[in-house]
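Notes follow once the structure below has been shown.
The values are calculated or read from the model by the stated rules, or taken from the named source; none is laboratory data. It should be emphasised that the depicted structure is a prediction, and the values quoted were computed from it without experimental measurement. Every residue, glycine as well, gets a Cβ built from its backbone with ideal geometry; the counts of neighbours run over all protein chains shown. Quick note on the areas: whole protein, heavy atoms, side chains included, nothing else; ligands and nucleic acids left out. Shrake-Rupley method; radii C 1.70, N 1.55, O 1.52, S 1.80 Å.
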Amino acid sequence: MTGGGCEGRSTKGLNPSIDLWLTKLDSEAHVTVVAEDVGERVFDADKVVELVVESAKKGTTAFEELGRVPWAKFPGAGTRISLVTTRDIERVRVEYGLWVKGNRSYQVMAFVSEGLYPLVKDDLEAILESFEPAP
């Protein structure tokens, strides 16, 4: 994954569920990647999408799903979700790219304060679209 002025680091020591965390230093925009492999089992893509949305709702004081569409880059394997969550008084814009195929899934999540979103929207979109699942 690549994109506009980001610094990346592995977070395995800080948060074992996140495989990569990118931060756009000039705006405090973040992109995280979570990779999962369930071995012999197979993911139910619809269930993964619902679980991600339910997880995003946890701990919020307000929640709005703005849209859910197939991820054009990954026909049949990807979903894009746009949300606004509020925790206490901070509204956060969240953009997900979910890739699910067989026994593997990736959650690519970009988030930033809602007021800053228009300033970094293009960069976050470029980063999300640069995602490629591991072979």
(Q) When you check VAL92 against the structure, is it farther than 24 Å from THR61 by Cα, among the hydrophobic types (A, V, I, L, M, F, W, C) and either out of contact with any His (no Cβ under 9 Å at 6 or more places or on another chain) or free of Cβ contacts under 8 Å to residues at least 40 places away in the same chain (or both), yes or no? (A) no
Q | Search result, residues across segment 26-67 that are touching a Lys or Arg at 6+ places or on another chain (Cβ under 8 Å) and open to solvent by 50 Å² or more (accessible area, probe 1.4 Å) | A | GLU36, ASP37, GLY59, THR61, PHE63
(Q) Can you go through LEU119, LEU83, LEU22, LEU66 and tell me which one is touching a Ser or Thr at 6+ places or on another chain (Cβ under 7 Å), aliphatic (A, V, I, L, M) and part of a strand (DSSP E or B)? (A) LEU66
Q: Can you tell me which residue within segment 78-99, out of those that are more than 16 Å from GLU54 (Cα to Cα) and modelled with pLDDT under 95, is surrounded by the most Cβ atoms within 10 Å (Cβ to Cβ)?
A: GLU90
